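Take a look at the structure below.
The values are calculated or read from the model by the stated rules, or taken from the named source; none is laboratory data. The structure displayed is predicted, hence computed values, not measured ones. Cβ sites come from the backbone with ideal geometry, for glycine too, and all protein chains shown count toward neighbours.
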């Protein structure tokens, strides 16, 4: 783990002190997960199929980096240890897999977990503790989820920066060199920061994540209760390359919003003034639950050390999505993870993971 410097002035913006949010493909110390619990809103019928999703993710990740898991309490920790042992991951416990009693009501660690910053010249990891309000107050209570970044920072002795703004990790994506992707449907939604203008939000993102430009896309995909998180739409895969979801079916409700976003990307330039290379990912076949669309997207992949985890849905486009991402990440294994149970909670692989830089 990189050293931590508690002499950092946390009353000053981190960008002023040389901090930046690294790209997801930069080296990791660990991946954070929050284990689902019985009785949660996301998976009211929690069972073996849901548990298997977390076991699959933890099992693939712990071969390449540490896995740190938030558990709710002592009883929950015992349940998770038992699940890991039965899932043949017990051998990794306390070596590659570490459990932390940092409770959260729901398992979406991308959104409530810590966003880590690095400082390159004098390596030092810090945490940004954004406000968290469960996607505009949709799923109370969320006070425990909101407190997770602070607990992580205190546990590891990391500097903690606390901007006075609501933001979820799935609403942004960075290339680590100055560019940040987001959506107006989410970050400008009045259920997040109604008193802030677009320019004011951009200023906070630059000050606290070390970016120099914010690139705005429009609407999210159907069924997404986050109001349009960018990690279901478009993702950086290198400093100058973005992969974006598109639909080939004009009757698909996602067809026009995704086309609008694709056309926006074609005119965007990186922090060096160069046009981005834009690649496309197909969308999976539409998936519904009780007549309502679910936000299934291959763009909700996660980049870890030496491996990329991609949600799959037993759809005709699974293979094309995996092949596309193999071409975009030639130095990493690309592993499909069955996310059919996971998407019932309205999220996928990227939504449940949060990277800690190494």
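I need a count of the residues in segment 238-256 that are farther than 19 Å from residue 288 by Cα and outside any strand (DSSP E or B). Don't jump to the end; show me each part of the working.
Keep residues of segment 238-256 that are farther than 19 Å from residue 288 by Cα, which gives 238-244, 256.
Subset that is outside any strand (DSSP E or B): 239-240, 256.
Selection size over segment 238-256: 3.
Looking at the structure I just gave you, is residue 47 without any contact (Cβ under 8 Å) to a residue 60 or more places away in the chain, surrounded by fewer than 17 Cβ atoms within 10 Å (Cβ to Cβ) and within 29 Å of residue 226 (Cα to Cα)? Criteria met by residue 47. For a quick check of your reading of the model, give me the residue pairs whose first member lies in segment 280-300 and is farther than 27 Å from residue 328 by Cβ, whose second is surrounded by 22 or more Cβ atoms within 10 Å (Cβ to Cβ), with beta-carbon atoms closer than 6 Å and at least 6 apart or on different chains. Close Cβ pairs (under 6 Å, with a partner that is surrounded by 22 or more Cβ atoms within 10 Å (Cβ to Cβ)) do not exist here.
Specify which of the listed residues (45, 26, 77) is part of a loop (DSSP other than H, G, I, E, B) and either over 30 Å from residue 289 (Cα atoms) or in contact with a strand residue (DSSP E or B) (Cβ under 9 Å, 6 or more places away or on another chain) (or both). Among 45, 26, 77, only 26 is part of a loop (DSSP other than H, G, I, E, B) and either over 30 Å from residue 289 (Cα atoms) or in contact with a strand residue (DSSP E or B) (Cβ under 9 Å, 6 or more places away or on another chain) (or both).
Residues are listed down the side, and each one gets a yes or a no for (1) buried (at least 17 other Cβ atoms within 10 Å of the Cβ); (2) over 19 Å from the mean Cα position of the chain (by Cα); (3) in a strand (DSSP E or B):
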position	(1), (2), (3)
117	yes, no, yes
122	no, yes, no
127	yes, no, yes
139	yes, no, no
146	yes, no, no
150	no, no, no
154	no, yes, no
177	yes, no, no
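For beta carbons closer than 7 Å, sequence separation of 6+ or different chains, a first residue in segment 25-43 that is closer than 30 Å to residue 238 by Cα and a second that is at pLDDT below 95 and not in a strand (DSSP E or B), the qualifying pairs are 27/358; 28/358; 29/1; 29/358.
So is residue 235 part of a loop (DSSP other than H, G, I, E, B), crowded, with 20+ Cβ neighbours inside 10 Å and touching a residue at least 12 places away in the same chain (Cβ under 8 Å) or not? It is false that residue 235 is part of a loop (DSSP other than H, G, I, E, B), crowded, with 20+ Cβ neighbours inside 10 Å and touching a residue at least 12 places away in the same chain (Cβ under 8 Å). Within segment 141-161, no residue that is at positive phi sits with its Cβ atom under 6 Å from a residue that is crowded, with 16+ Cβ neighbours inside 10 Å and assigned to a strand (DSSP E or B) at 6+ positions apart or across chains. Considering only residues of segment 312-339 that are in contact with a helix residue (DSSP H, G or I) (Cβ under 8 Å, 6 or more places away or on another chain) and in contact (Cβ under 8 Å) with a residue 40 or more places away in the chain, which is nearest to residue 239 (Cα to Cα)? Within segment 312-339, the match that is nearest to residue 239 (Cα to Cα) is 335. The single condition from (1) in contact (Cβ under 8 Å) with a residue 40 or more places away in the chain; (2) in a helix (DSSP H, G or I); (3) under 29 Å from residue 318 (Cβ atoms) that residue 208 fails is (3). Determine, yes or no, whether residue 296 is in contact with a helix residue (DSSP H, G or I) (Cβ under 6 Å, 6 or more places away or on another chain), more than 21 Å from residue 186 (Cα to Cα) and crowded, with 24+ Cβ neighbours inside 10 Å. In short, no.
Yes/no matrix, rows are residues, columns are (1) out of contact with any helix residue (DSSP H, G or I) (no Cβ under 9 Å at 6 or more places or on another chain); (2) under 12 Å from residue 234 (Cα atoms); (3) modelled with pLDDT under 95:
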residue: 262; (1), (2), (3): yes, yes, no
residue: 269; (1), (2), (3): yes, no, no
residue: 276; (1), (2), (3): no, no, no
residue: 310; (1), (2), (3): no, no, no
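With respect to the conditions (1) on the phi > 0 side of the Ramachandran plot; (2) under 15 Å from the mean Cα position of the chain (by Cα); (3) outside any helix (DSSP H, G or I), residue 88 falls short on a single one, namely (2).
Can you name the residue in segment 331-358 that is in a loop (DSSP other than H, G, I, E, B) and within 13 Å of the chain's Cα centre (by Cα) and, of all such residues, is nearest to residue 128 (Cα to Cα)? Walk me through it before giving the result.
Kept after step one, since they are in a loop (DSSP other than H, G, I, E, B), are these residues of segment 331-358: 331-332, 339-341, 346-349, 353, 358.
With within 13 Å of the chain's Cα centre (by Cα) added as a condition, the list becomes 347-349, 353.
On the way: 347: 23, 348: 23, 349: 22, 353: 16 Å.
Once the filter is applied, the top-ranked residue is 353.
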